[in-house]
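Please read the structure below before turning to the comments.
The values are calculated or read from the model by the stated rules, or taken from the named source; none is laboratory data. Since the model is a prediction, treat every value here as computed from it, not as a measurement. As a convention, Cβ positions derive from the backbone with ideal geometry for all residues, glycine included, and neighbour counts pool all protein chains shown. For accessibility, only protein heavy atoms count, side chains too; no ligands or nucleic acids. Shrake-Rupley method; radii C 1.70, N 1.55, O 1.52, S 1.80 Å.
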Amino acid sequence: MNEGKWLNKKVSRREMLKMTGVGVVGVAIGATGLGGAMKVMGYDVLEVVSDNPLSKNKVNFYGKYQSGIATPAQKHVYFASLNVLFDTPEKLKQLFQKWTPMIVRLMNGEQIDEMSSNSYVPPVDTGEAEGLNANNLTITVGVGPSLFKKLNIEHIKPKELEDLPHFPKDQLQEAYTGGDICIQACADDPQVAFHAVRNLVRQASGQVVIHWAQAGFNSFPEGGGTPRNLFAFKDGTVNPKTDEEFKEVVWCDSGWMKNGTYLIVRKIQMHLETWDRTSLKDQETTFGRYRDSGAPIGKMDEFDDFDIEEKDENGNYIIPEISHVHLARKSGAKILRRSFSYASGIVDKTGAHDAGLLFISFQKSPKQFITIQNSLGRMDKLNEYITHRGSAIFACFPGVKEGGYLGETLFKAL
Ligand code: HEM
């Protein structure tokens, strides 16, 4: 592909304006949609915006890994799955070069672009995050298997990046399944997360459309701790915590995915009405944990370790054999779960709550998720109370060094 000529220099917007000598270039940039990458004296120049250490409640954009993965979970997510309208990798590269400085600004708690003062054109930033701080906004970007086909770059698609197989009891709807690109925006304020996705998509108008999107929330107990899902159980207890565990479970080791990871998202409806008619004992048997403390059955504390093979004096498994935790642990595979609850009104046909879990997991290989989901299979007692409605998989790039851009390693592999 045509790499163009690169001026490997940090160039701020102000410097760019000076170099071009055109005071009103901002309008021209907005209108042509070039944004983050532009030609200056024959060179393609990537605009570089730095993380602002003075921003309040800020997560850094630059680093070895993308944010929003190992970052402690925030209270809100706005997850969007996009389809692209172009068919060349050059266009994809331009899009990521354009988005990169915008994402840094958003994560700084700033407007998506500096130039919003011309009252004769629509404001560049849509404005609803004005007066709000960064709220620990993280933006995580990944690409789905369909994108490689559309752009005719299947030779660099990681073999493992395939649509997930059909699992027993899946009732997937096209409306919540697949996608070429994902943007996971997490923040401690719902409007900050939504604003980020809205503006990135708006800046890519004519290049991407939203295929599906879902908002989600997590509520943390006073003083911190594991949030509860809509079945009231603490969710996220057993997860990688140390750098070593992240290396073992989450980060890819080689190729353009090195220090990246696979994101799997499942929109799982939880049948709250059925659950609410279930006795506490059955609820606890379903998960293999106590509702109040979150401790494994037979233990005292949420974080007490347990052995699924342990039996009581009657020879029954202490953590019931068909409980969610028993089967998940039995698979032997590990993943990072970083899920959010959702509540999206009611299901038209039944009047039931359309609510559940926007299950999001990160793993260095999709096999880890597949192994666990197959182990849960038809046996998981939780199946009586849930239905998988949506599914997608995305390859998330490694992190970005200042001066670089999202997805850079993929383009180098072309
Ligand atoms: C609505 C659907 C689901 C709900 C409500 C749910 C809830 C829970 C809860 C309450 C726990 C115990 C506490 C904890 O360790 O976080 C748990 C553990 C776990 N879940 Fe789920 N889960 C769901 C779907 C899934 C799916 C789809 C997978 C992966 C295929 C999965 C994998 C796991 C794993 C690996 C554990 C930890 C098991 C261990 O202790 O080793 N869960 N889940």
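Values as computed for the structure displayed
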{"quantity": "Residue within the stretch 105-115 that is closer than 16 Å to Phe397 by Cβ, under 19 Å from the mean Cα position of the chain (by Cα) and not basic (Lys, Arg) present", "calculated": "yes"}
{"quantity": "Failed criterion for Asn199 (all others in (1) more than 12 Å from the ligand (Cβ to nearest atom); (2) closer than 23 Å to Trp275 by Cα; (3) in contact with an Asp or Glu (Cβ under 9 Å, 6 or more places away or on another chain) hold)", "calculated": "(2)"}
{"quantity": "Residue that is farthest from the chain's Cα centre (by Cα) [pool: residues in the stretch 257-281 that are open to solvent by 30 Å² or more (accessible area, probe 1.4 Å) and within 20 Å of Leu161 (Cβ to Cβ)]", "calculated": "Lys258"}
{"quantity": "Filter result (among the hydrophobic types (A, V, I, L, M, F, W, C) and in contact with a helix residue (DSSP H, G or I) (Cβ under 8 Å, 6 or more places away or on another chain)) within the stretch 171-192", "calculated": "Ile181, Ile183, Ala185, Cys186, Ala187"}
{"quantity": "So Ser293, is it within 11 Å of the ligand (Cβ to nearest atom) and farther than 23 Å from Ala187 by Cα", "calculated": "no"}
{"quantity": "Any hit, the stretch 306-318, residues being in the same structural domain as Thr71 (by TED's automatic domain parsing), under 24 Å from Glu384 (Cβ atoms), of a type outside the set (Gly, Ala, Ser) and assigned to a helix (DSSP H, G or I)", "calculated": "no"}
{"quantity": "Residue identified as assigned to a loop (DSSP other than H, G, I, E, B) and under 24 Å from Cys252 (Cα atoms) among Gly142, Gly179, Gly127", "calculated": "Gly179"}
{"quantity": "Residue within the stretch 71-90 that is open to solvent by less than 10 Å² (accessible area, probe 1.4 Å), within 20 Å of Val49 (Cβ to Cβ) and of a type outside the set (A, V, I, L, M, F, W, C) present", "calculated": "no"}
{"quantity": "Residue check for Ile322: open to solvent by 20 Å² or more (accessible area, probe 1.4 Å), away from the ligand (no atom under 13 Å from the Cβ) and without any contact (Cβ under 8 Å) to a residue 24 or more places away in the chain", "calculated": "no"}
{"quantity": "Residue list for the stretch 257-302, filter: hydroxyl-bearing (Ser, Thr, Tyr) and either closer than 23 Å to Ala343 by Cα or assigned to a loop (DSSP other than H, G, I, E, B) (or both)", "calculated": "Thr274, Thr278, Ser279, Thr286, Tyr290, Ser293"}
{"quantity": "Cβ pairs under 6 Å, 6+ apart, first in the stretch 374-403 and without any contact (Cβ under 8 Å) to a residue 60 or more places away in the chain and more than 19 Å from Gly356 (Cβ to Cβ), second more than 10 Å from the ligand (Cβ to nearest atom) and open to solvent by 10 Å² or more (accessible area, probe 1.4 Å)", "calculated": "Met379/Ile322"}
{"quantity": "Matching residues, the stretch 296-306, being touching a residue at least 60 places away in the same chain (Cβ under 8 Å) and more than 9 Å from the ligand (Cβ to nearest atom)", "calculated": "Phe303"}
{"quantity": "Among (1) in a loop (DSSP other than H, G, I, E, B); (2) open to solvent by less than 10 Å² (accessible area, probe 1.4 Å), the one test that Lys169 misses", "calculated": "(2)"}
{"quantity": "Any chance Ile370 is among the β-branched types (Val, Ile, Thr), within 11 Å of the ligand (Cβ to nearest atom) and either touching a Ser or Thr at 6+ places or on another chain (Cβ under 6 Å) or closer than 26 Å to Pro72 by Cα (or both)", "calculated": "yes"}
{"quantity": "Every residue from the stretch 336-351 that is open to solvent by 20 Å² or more (accessible area, probe 1.4 Å) and among the hydrophobic types (A, V, I, L, M, F, W, C)", "calculated": "Ala343, Ile346, Val347"}
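Residues checked against (1) of a type outside the set (Gly, Ala, Ser); (2) touching a residue at least 40 places away in the same chain (Cβ under 8 Å):
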{"site": "Ile112", "(1), (2)": "yes, yes"}
{"site": "Ser117", "(1), (2)": "no, no"}
{"site": "Tyr120", "(1), (2)": "yes, no"}
{"site": "Asn135", "(1), (2)": "yes, yes"}
{"site": "Asn152", "(1), (2)": "yes, yes"}
{"site": "Asp163", "(1), (2)": "yes, yes"}
{"site": "Thr177", "(1), (2)": "yes, yes"}
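Okay, residues lined up against (1) at pLDDT below 95; (2) farther than 18 Å from Ala333 by Cα; (3) away from the ligand (no atom under 12 Å from the Cβ):
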site: Asn229; (1), (2), (3): no, yes, no
site: Val238; (1), (2), (3): no, no, no
site: Asp243; (1), (2), (3): no, no, yes
site: Trp251; (1), (2), (3): no, no, yes
site: Gly255; (1), (2), (3): no, yes, yes
site: Lys258; (1), (2), (3): no, yes, yes
site: Met270; (1), (2), (3): no, yes, no
site: Gln283; (1), (2), (3): no, yes, no
site: Arg289; (1), (2), (3): no, yes, no
